[in-house]
1. Can you pull out every residue in region 198-223 that is within 13 Å of ligand 2 (Cβ to nearest atom), modelled with pLDDT of 95 or more and of a type in the set (V, I, T)?
2. For region 87-116, what are the residues that are outside any strand (DSSP E or B), open to solvent by less than 20 Å² (accessible area, probe 1.4 Å) and in contact with a Phe, Trp or Tyr (Cβ under 8 Å, 6 or more places away or on another chain)?
3. Could you list all residues from region 301-324 that are in contact (Cβ under 8 Å) with a residue 40 or more places away in the chain, assigned to a helix (DSSP H, G or I) and open to solvent by 20 Å² or more (accessible area, probe 1.4 Å)?
4. Could you tell me which numbered condition F243 fails, if it satisfies all but one of (1) assigned to a loop (DSSP other than H, G, I, E, B); (2) open to solvent by 40 Å² or more (accessible area, probe 1.4 Å); (3) touching a Leu at 6+ places or on another chain (Cβ under 8 Å)?
5. Can you pull out the residues in region 505-521 that are surrounded by fewer than 21 Cβ atoms within 10 Å (Cβ to Cβ) and either part of a loop (DSSP other than H, G, I, E, B) or among the hydrophobic types (A, V, I, L, M, F, W, C) (or both)?
6. Confirm whether A298 is in contact with an Asp or Glu (Cβ under 8 Å, 6 or more places away or on another chain), away from ligand 2 (no atom under 16 Å from the Cβ) and either open to solvent by 10 Å² or more (accessible area, probe 1.4 Å) or part of a strand (DSSP E or B) (or both).
7. Just the residues that are in contact (Cβ under 8 Å) with a residue 60 or more places away in the chain and not in a loop (DSSP other than H, G, I, E, B), please, taken from region 272-290.
8. Based on this model, can you work out whether V365 counts as touching a Gly at 6+ places or on another chain (Cβ under 8 Å) and surrounded by fewer than 16 Cβ atoms within 10 Å (Cβ to Cβ)?
Amino acid sequence: MSIARWSETLISTLRDDPQDAEIPSHKLMVRAGLIRKLSGGLYTFMPLGCKALRRVEAIVRQEMDRAGALEILMPALQPREIWEQSGRYDIMGDVMFKLQDRQKRELALGPTHEEVVTLLAAAELKSYRQLPRTLYQIQTKFRDEIRPRFGLMRAKEFIMKDAYSFDRSWDAADESYRKMYEAYLRAFARCGLRVKVVEADTGAMGGQWSHEFMVLADSGEDGIVECDACAYAANLERAERAFPELEPYPDSDKAPEQVSTPNAKTIGQVAAFLKCPPERLIKTLIYNVDGRTVAILAPGDRDVNEHKLARALEARDLALADDETIAAATGGPVGFSGPIGLTIPVYADTALKGLRGAVTGANRVDTHVLNVDLDRDAAIEAWHDICFAENDDRCPRCAAGKLREKRGIEVGHVFKLGTKYTEAFSARFLDEDGQSEAMIMGCYGIGVTRTLQSVIEQSHDEKGIVWPMSIAPYPVAILNLTPGKPDCVEATQTLARELDEAGLDVLIDDRDERPGVKFADADLLGFPIRVVVSERSLAGGNVEIKLRTEKATPVIEKDNAALKIRQIYQDSIKALIL
Ligand code: ATP
Ligand code: MG
């Protein structure tokens, strides 16, 4: 493959953490000199970072090709009209970078490519004989993130592998989805990454269902839950929960009774004032949903999950109402809303079903109602699971297990989209009977740059990066401790040449530095195999081989070293294949 000499490359390691880096992988990428910041959310890949990135890309490309997907490359610049045609121009909002050409035509820098690829499919895929087809690209995406941070994790410009499948039937679309799902598992495993697959919200993408591939990490921006007894796992945005039977409260049969609760506004204040547990309180929130005003009821100790609420109400647009709307809809001030007597539609969280003896607002200042039985006292339009799942909730699938909250980094996302885009762009084909049908679509993304950094987030120690063999910039580093000695130079070069001929990339540390500096840098840079050539070991005809993951530094006869290293390399690459 290739031999590089430290003295001829551009590797700048830093002793101290960069000031703006909050998480280990970001600190390490900068300290190891893999990336350099241009400005917020914009990074240059330095030579070693670039090598690792290309390895991740190569693995992803191989797994896409293996799954039968076809590589294309679409323009990053996209005309505004296609976003209007799909109805996503407004939904994307400020995330999309917008610009004009010299003719004042409006363009966007692609944050994703459903629109472009569906137009392409509409023009190129005309007959059932051409289906299924999955098209993919590995390309730079642009998103004006509200909070770019954590280095490559949330950048304004990043590399994504995006794939799109087109099928003639729902069953065939399921098969395309399954193939991508499996290709993702293989690709992440080959990158040395352990991922957890979770059920996910479809959000702005639309569509039927989706899964996210998560790297569990404390620094993860996504909350997920997993069942401690079965395979259920989901993003908090959509995680469901089971609803155990409610124990009735002692005074649950009494008639509703208004009580004065002066200066008690928050759930905590009301609960303390009335000396009742917060879960006995019912929160009433007034929302604007697609132009109508509705009341949402939730247990006092739970937060409403707006992703779940939007799905349950099939809403496009949803936001908490302002004070005036609340006053008009309930007749009372903010903070004292309650369901009794409301004329707007009332939706309640399923956990409240059957709850008697509850406390709600009275739609009057400083007043609450006791002994509320929702079935008896309020008109509930529908019951939905609309609150966040929490630690210790019962699993919605097996009911036996408990849910556990974890943090995750989303490295990949697969969606079954259905016909949302193919209808919008008339991407239709003729079936065997000559009937015109909309193609069924799926879309599939891997954050390639985020994946690279996630590997480091998952695989490092106090000394530095611990690269998996498959994506290390150099799987082998040879540290020549006495570069002034011809014997050592000769032994180093011979070994490097043998490894190069065997197809391994090798970095020679030929710097005139103290051994301690070389060891520390090798650990920081995380080369999986470190070979030390020194006068002392050479005198015995040996070199020293140390794996980054092991403590031992066994010596091995110098003439057998290449064979041994090749074996270690091949074994660990094989171990990553599912
Ligand atoms: P997030 O929820 O993290 O903002 P997303 O759901 O908007 O991501 P997708 O549209 O599903 O992202 O994009 C596919 C993949 O691209 C994601 O799974 C993620 O790995 C990666 N990705 C998305 N946004 C960024 C970003 N700003 N920087 C780096 N990678 C990103
Ligand atoms: Mg996503």
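The values are calculated or read from the model by the stated rules, or taken from the named source; none is laboratory data. This is a predicted model, so every value here is computed, not measured. No Cβ is skipped: glycine too gets one built from the backbone with ideal geometry, and neighbour counts run over all protein chains shown. Protein only, heavy atoms only, side chains kept; ligands, DNA and RNA dropped before computing areas. Shrake-Rupley method; radii C 1.70, N 1.55, O 1.52, S 1.80 Å.
1. Once the filter is applied, which keeps residues that are within 13 Å of ligand 2 (Cβ to nearest atom), modelled with pLDDT of 95 or more and of a type in the set (V, I, T), region 198-223 yields only V198.
2. M96, G110, P111, H113, E114, E115
3. H307, R311, A312
4. Every condition holds for F243 apart from (3).
5. Once the filter is applied, which keeps residues that are surrounded by fewer than 21 Cβ atoms within 10 Å (Cβ to Cβ) and either part of a loop (DSSP other than H, G, I, E, B) or among the hydrophobic types (A, V, I, L, M, F, W, C) (or both), region 505-521 yields D505, D510, R511, D512, E513, R514, V517, F519, A520.
6. Values: in contact with an Asp or Glu (Cβ under 8 Å, 6 or more places away or on another chain): yes; away from ligand 2 (no atom under 16 Å from the Cβ): yes; either open to solvent by 10 Å² or more (accessible area, probe 1.4 Å) or part of a strand (DSSP E or B) (or both): yes.
Judged against the criteria, A298 is a match.
7. Step one: list which residues in region 272-290 are in contact (Cβ under 8 Å) with a residue 60 or more places away in the chain, which gives 274, 276, 280-282, 284.
L274, R280, L281, I282, T284 - these are the residues of region 272-290 that are in contact (Cβ under 8 Å) with a residue 60 or more places away in the chain and not in a loop (DSSP other than H, G, I, E, B).
8. Answer is yes for this residue.
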